[in-house]
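To start, the structure under review is shown below, and the notes come after it.
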Amino acid sequence: EDNLNLPEYGDFEGFEDADDDLRPVAEFLKKKSIHNEYIEPRRIKFFFTNKPKKDGGRYSPGTLMVRSEIERRVDDRYDFIAIIYYPVFKMLDNEDKIIQLDKVLCGIDLGTMEKPAIKKQQPDSKEFIGNLNFFGRDKVHDSSETVHLAIESIVQSEKEEKQG
């Protein structure tokens, strides 16, 4: 958990590389959680962003993108791109950071042994069952609510700043 002391980025526009900060957390999750034991953190490109994203009407800690076949032919180092909303992520305690990154990584679907694939899995409901079972339903829901409210607060403050 020592690797969760995130750096202070200045005002960056758009996206900032986050491999050094988040890949060790993904490795930790791969070792500790059954539902993510098959992910390959080296095949995921991690970014921080300062642009919030809504999923189903609620703000989420981040998003997962699957790289297309043509993108993988151009540069085959990564299958997925994980983009984490930095302004809130940096404020979370270590346990919530781990829960929220796990939630993003639960979107990885590698298919089956008989039919391997590289695709994105949708949440089972508003959350992923693997994430809920591993960390506990109440912890995950509380963590997700914390993230949603924090992002909502930041977005509201930014709107007021622009108007003021």
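The values are calculated or read from the model by the stated rules, or taken from the named source; none is laboratory data. All of these numbers come straight from a predicted model, not from anything done at the bench. Note that each Cβ is placed from the backbone with ideal geometry, even for glycine, and that neighbours are counted across all protein chains shown. Each accessible area value is taken on the protein alone, full model and side chains, heavy atoms only, with ligands, DNA and RNA left out. Shrake-Rupley method; radii C 1.70, N 1.55, O 1.52, S 1.80 Å.
List of remarks:
- Comparison of Asp79, Asp102 shows that the only residue that is open to solvent by less than 30 Å² (accessible area, probe 1.4 Å), in contact with a Ser or Thr (Cβ under 8 Å, 6 or more places away or on another chain) and at pLDDT 90 or above is Asp102.
- When Glu161 is tested against the conditions (1) surrounded by 16 or more Cβ atoms within 10 Å (Cβ to Cβ); (2) part of a helix (DSSP H, G or I), the lone failure is (1).
- Flag for Ser153 being polar (S, T, N, Q), touching a residue at least 12 places away in the same chain (Cβ under 8 Å) and not in a loop (DSSP other than H, G, I, E, B): no
- Residues satisfying the criterion are present in the stretch 87-95 (criterion: free of Cβ contacts under 8 Å to residues at least 60 places away in the same chain, part of a helix (DSSP H, G or I), farther than 22 Å from Glu16 by Cα and open to solvent by 50 Å² or more (accessible area, probe 1.4 Å)).
- When residues of the stretch 72-86 are limited to those that are in a helix (DSSP H, G or I) and in contact with a strand residue (DSSP E or B) (Cβ under 9 Å, 6 or more places away or on another chain), the one farthest from Lys51 (Cα to Cα): Arg72
- Scan of the stretch 96-135 for residues that are touching a strand residue (DSSP E or B) at 6+ places or on another chain (Cβ under 7 Å) and outside any helix (DSSP H, G or I), ordered by number: Gly107, Ile108, Asp109, Leu110, Gly111, Pro116, Ala117, Ile118, Lys119, Lys120, Gln121
- Residue within the stretch 51-62 that is of a type in the set (Gly, Ala, Ser), in a loop (DSSP other than H, G, I, E, B), under 21 Å from Asp21 (Cβ atoms) and open to solvent by less than 30 Å² (accessible area, probe 1.4 Å) present: no
- Residues in the stretch 105-121 that are touching a residue at least 60 places away in the same chain (Cβ under 8 Å) and surrounded by fewer than 19 Cβ atoms within 10 Å (Cβ to Cβ): Leu110 only.
- Scanning the stretch 122-146 for residues that are open to solvent by less than 70 Å² (accessible area, probe 1.4 Å) and under 14 Å from Asp102 (Cα atoms) returns Pro123, Glu127, Phe128, Gly130, Asn131, Leu132, Phe135, Gly136, Val140, Ser143, Ser144.
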